[in-house]
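The values are calculated or read from the model by the stated rules, or taken from the named source; none is laboratory data. The shown structure was predicted, so the numbers you read here are calculated from the model rather than taken from an experiment. Counting neighbours? That spans all protein chains shown, and the Cβs are built from the backbone with ideal geometry, glycine included.
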Amino acid sequence: MIRIGIIGSESTHALKFSELANGTDGAGRRVSGIAVTMLYGDDRSQAEDVAKQGDVPYVVDHPSEMLGEIDAVMVTTRHGDRHAALALPFIKAGIPTFVDKPFAISLSDCRQMVEAAKTRGTLLTSYSTLRYTDVVKDLQNRLTSFGELVSGVSTGPCDFTSQYGGPFFYGTHAIEVMLAVFGYDVKSVTARKVGPDCVAVIEFESGVLVSLHLLDRAAYAFHLVIYGMKAWESVPIDLASCYVNGLQVFVDMVKTGHMPLSYEQLLVPIEVLHKVATAAGEFAD
């Protein structure tokens, strides 16, 4: 049994992962071979409530209390600026680590975690669970049926004024879905922001052009369009499978010792979002 500690109880992800690991998910789903055994949250009463719902036996007063008591850790604190400080003690201790999206906001924080993992040989990953939904996985499996890819559209909600790091809190979702389907060879980024909404054009080394829609005023939706020389398809992203699939990917990493994303791939979503923010006249690293 893999014992998992979760740091950050304010995110709904902490409860979802606990339920799926400990068998309290309302839909009867469960990821086998693991248990969330420890939980930390800044708000003790909130952490205790999440622990009760997720059947987590121990709520700790400080993340350091988990060291030596768990086999893997998940950092699910909402604000990306806190991720490196919370994750580094575990990375340096050699404990397999998942950092929820965004990996971090500062690129220097991202690189610090990567370098620590390389030095210690620690398994490290970070991703939006949307990239592992059944819908996205199906598209990946059928990519050749589209022929040579020409263009695409990736759409998702985004709040540039979010208290949890502006566009980094939600913008990474649409970016990671785009990268999962079109690849990581980003060549250039341009963007235009009108009011709270932003549209960027991502050019890949292959010549593919993807329109990235980060929208605040539009109805809440994640959506992907693929245009190929043989076929095209417009697909809404069903979120039903994202948590169970995303948790399973982390568990598989711990079990097999194989990271689902390379160190370089961990950095790309944050690099792209910085370029979008800069091009749109927002803040940059």
- prompt: How many residues are hydrophobic (A, V, I, L, M, F, W, C) and in a helix (DSSP H, G or I) if we restrict to the range 232-263?
  reply: 10
query: With respect to the numbered conditions (1) more than 17 Å from residue 265 (Cβ to Cβ); (2) crowded, with 16+ Cβ neighbours inside 10 Å, which one is the sole condition not fulfilled by residue 119?
result: (2)
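Counting just the residues of the range 14-45 that are of a type in the set (S, T, N, Q) and within 23 Å of residue 242 (Cβ to Cβ), which one comes out surrounded by the most Cβ atoms within 10 Å (Cβ to Cβ)?
As a first pass, look at the range 14-45 and keep what is of a type in the set (S, T, N, Q): 18, 22, 24, 32, 37, 45.
Going one step further and asking which of them are within 23 Å of residue 242 (Cβ to Cβ), we end up with 18, 22, 24, 32.
On the way: 18: 28, 22: 21, 24: 15, 32: 9.
If we take residues in the range 14-45 being of a type in the set (S, T, N, Q) and within 23 Å of residue 242 (Cβ to Cβ), then 18 is surrounded by the most Cβ atoms within 10 Å (Cβ to Cβ).
Please find, among 188, 234, the residue that is loosely packed, with under 15 Cβ neighbours inside 10 Å, within 23 Å of residue 105 (Cβ to Cβ) and not aliphatic (A, V, I, L, M). Spell out the reasoning first.
Details: 234 fails: within 23 Å of residue 105 (Cβ to Cβ).
Exactly one residue qualifies, and that residue is 188.
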- line: For the range 100-126, the count of residues that are out of contact with any Cys (no Cβ under 9 Å at 6 or more places or on another chain) and either among the hydrophobic types (A, V, I, L, M, F, W, C) or not assigned by TED's automatic domain parsing to the domain that holds residue 10 (or both) equals 9
message: Looking at the structure I just gave you, is residue 266 modelled with pLDDT of 95 or more, outside any helix (DSSP H, G or I), under 30 Å from residue 112 (Cβ atoms) and in contact with a Ser or Thr (Cβ under 6 Å, 6 or more places away or on another chain)?
response: no
Residue under evaluation residue 11, criteria (1) modelled with pLDDT of 95 or more; (2) closer than 22 Å to residue 87 by Cα, criterion not met: (1)
- request: Taking only the range 251-271 into account, find how many residues are among the aliphatic types (A, V, I, L, M) and in contact with a Gly (Cβ under 9 Å, 6 or more places away or on another chain).
  value: 2
query: Given the conditions (1) outside any loop (DSSP other than H, G, I, E, B); (2) more than 28 Å from residue 257 (Cα to Cα), and given that residue 73 satisfies all but one, which numbered condition is not satisfied?
result: (2)
Subset tally (residues that are assigned to a strand (DSSP E or B) and more than 22 Å from residue 248 (Cβ to Cβ)) for the range 35-67: 3
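If a residue has to be modelled with pLDDT under 95, crowded, with 18+ Cβ neighbours inside 10 Å and in a helix (DSSP H, G or I) to count, how many in the range 269-285 make the cut?
So the first thing to find is which residues in the range 269-285 are modelled with pLDDT under 95, and the list is 277-285.
Within this subset, residues satisfying the condition of being crowded, with 18+ Cβ neighbours inside 10 Å are 277, 279-280.
Adding the requirement that they be in a helix (DSSP H, G or I) leaves 277, 279.
Total satisfying the criteria: 2.
Looking at the range 179-195, which of the residues that are of a type outside the set (Gly, Ala, Ser) and assigned to a helix (DSSP H, G or I) is farthest from residue 228 (Cα to Cα)?
Of the residues in the range 179-195, the ones of a type outside the set (Gly, Ala, Ser) are 179, 181-182, 184-187, 189-190, 192-194.
This time we only want the ones that are assigned to a helix (DSSP H, G or I), so: 179, 181-182.
Values: 179: 16, 181: 12, 182: 11 Å.
Across the range 179-195, the extreme among qualifying residues is 179.
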